[in-house]
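Working notes for the structure below.
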Amino acid sequence: DMGGHDTYMHKEISEQPDAVDRVLRGRIDDRFSTVHLGGLNLDAREARGIRRVKILGCGTSYHAGMIGAGLVESLARIPADAEPASEFRYRNPVVDPDTLYIAVSQSGETYDVLAAVQELKRKGARVLGVVNVVGSAIARETDGGVYVHAGPEVCVVSTKCFTNTVVAFALLALHLGRIRDLSVADGKRIIDGLRRLPAQISEILELEDEIKKLADLYADAKSMMFIGRVRGYPVALEASLKLKEISYIHAEAYPASELKHGPLALIEPALPTVAIVPDDELLEKNRAALEEVKARSGRILAVAHQEQEKADHTIVVPKNEDELDPILMGIPLQLLAYHTALSLGRDIDKPRNLAKSVTVE
Ligand code: F6R
């Protein structure tokens, strides 16, 4: 049932305010400015002993894990990174008892992720899951974790589950942070920010007409460049993946700082750039990247918290706490991919060559 929407993807994009509400519900503890995660199965002493966090997933879940790693580093001050599960599995990784491993999966059935979990467990590692489908193989195989509560996702490409997964990581990072060195004040700041998300997502969804017009303007591109920096880079990666998957337009994502190390050679009017430009400590750096692109007469579409002078168009989104901004900045780009694919007449819910869950190697 598409509930009045033309596609499941549109329905699922629109459901995000409610979905985010669901992942937060019942978990916030205002008294201690922290969260309760019932199924985590990790006590405070164990949480204090974690020296590294390694996040494993595929595709969109890997991108959500990249943002999750940033959240764990900034809120809990634990070194963290994300890696595609299959890469991890085949490079004979050093498995370390002080590392917390986290498997991320919407379906909970992705073979590469499941196999990585099994390999880790065989070696005695502690593995948690950040999973959407309750009771799925990865949920059962892990030692505990955080359910994402996005609800069923039917469209082959992931949207609401991506957003909810990142929110689930924010909860986990807040929880670990408050056991370690995150202050009550910062805990409260993040909780207040999390509570603002559903209404702010609704505000972004109201920009749909404007985004549709932009999509029509850019749909003639043969290729698109997505750039972002630090927190913005996984947003760029995910937006580029979404565009590829459903519109079949070639897209690349680069850290903004890497442009001058090669990809700047590609910039010309026929290759538009989508830039993630949050109003944070890196704003001036990101503006400099826009200038580099403009100087090569590249068209620029910015996603930012205020109009960007160097950009041809800016999608202005509401500001949250710096750490949570990536959650909001991805949403207009889901709509951009959607309307680009729609104007090209693509089969949005079932893109060619793709399956919803990849249970084979
Ligand atoms: C992208 C997409 C895929 C999945 C990937 C992992 O829109 O849907 O990249 O994210 O196959 O799937 P899960 O999260 O089910 O493990």
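The values are calculated or read from the model by the stated rules, or taken from the named source; none is laboratory data. What you see is a predicted model; the values in this text were computed from it and never measured. Positions of Cβ are backbone-derived with ideal geometry, glycine not excepted, and every protein chain shown enters the neighbour counts.
Does ARG178 satisfy being of a type in the set (D, E, K, R), buried (at least 18 other Cβ atoms within 10 Å of the Cβ), modelled with pLDDT under 95 and under 28 Å from VAL230 (Cβ atoms)? So ARG178 fails the test. If you filter region 211-252 down to residues that are without any contact (Cβ under 8 Å) to a residue 40 or more places away in the chain and within 16 Å of PRO351 (Cβ to Cβ), you find that the one that is nearest to the ligand (Cβ to nearest atom) is LYS244. Pairing residues of region 50-76 that are of a type in the set (S, T, N, Q) with residues that are more than 14 Å from the ligand (Cβ to nearest atom), at Cβ distances under 8 Å and at least 6 apart in sequence or on separate chains, gives SER74/ALA173; SER74/GLU323. Suppose the filter is surrounded by fewer than 13 Cβ atoms within 10 Å (Cβ to Cβ), charged (D, E, K, R), part of a loop (DSSP other than H, G, I, E, B) and without any contact (Cβ under 8 Å) to a residue 60 or more places away in the chain; does ARG31 pass it? So ARG31 fits the description; yes. Does at least one position in region 295-309 carry a residue that is β-branched (Val, Ile, Thr), away from the ligand (no atom under 16 Å from the Cβ) and in contact (Cβ under 8 Å) with a residue 24 or more places away in the chain? Among the residues of region 295-309, at least one is β-branched (Val, Ile, Thr), away from the ligand (no atom under 16 Å from the Cβ) and in contact (Cβ under 8 Å) with a residue 24 or more places away in the chain, which makes the answer yes. Among the residues of region 128-138, the ones that are more than 13 Å from the ligand (Cβ to nearest atom) and part of a strand (DSSP E or B) come to 1 in all.
Of the residues making up region 243-265, those that are of a type in the set (A, V, I, L, M, F, W, C) and crowded, with 19+ Cβ neighbours inside 10 Å are LEU243, ILE246, ILE249, ALA251, ALA253, ALA256, LEU259.
Quick one: is GLU83 of a type in the set (D, E, K, R), at pLDDT 95 or above and buried (at least 23 other Cβ atoms within 10 Å of the Cβ)? Against the criterion (of a type in the set (D, E, K, R), at pLDDT 95 or above and buried (at least 23 other Cβ atoms within 10 Å of the Cβ)), GLU83 does not qualify.
Are any residues in region 78-106 farther than 14 Å from VAL130 by Cα, of a type outside the set (D, E, K, R) and within 16 Å of the ligand (Cβ to nearest atom), and if so, which ones? Listed by number, the residues that qualify are PRO84, SER86, PHE88. Testing MET2 on (1) farther than 22 Å from ALA236 by Cα; (2) touching a residue at least 12 places away in the same chain (Cβ under 8 Å), one condition comes back false. Which one is that? (2) is the only condition that MET2 fails.
Among all residues of region 97-113, there is none that is at pLDDT below 95 and within 24 Å of GLY187 (Cα to Cα).
Here the condition is being within 12 Å of the ligand (Cβ to nearest atom) and of a type in the set (Asp, Glu); of GLU141, GLU109, GLU119, it holds for GLU109 alone. Could you check how many residues of region 94-115 are over 21 Å from the mean Cα position of the chain (by Cα) and buried (at least 18 other Cβ atoms within 10 Å of the Cβ)? Qualifying residue count, region 94-115: 1. Residues of region 60-77 that are surrounded by fewer than 21 Cβ atoms within 10 Å (Cβ to Cβ) and either within 13 Å of the ligand (Cβ to nearest atom) or not basic (Lys, Arg) (or both): GLU73, SER74. If you go through region 103-116 and keep only what is in a helix (DSSP H, G or I) and without any contact (Cβ under 8 Å) to a residue 60 or more places away in the chain, you end up with VAL113, LEU114.
Checking each residue in region 147-175 for being part of a helix (DSSP H, G or I) and modelled with pLDDT under 95 picks out no residue at all.
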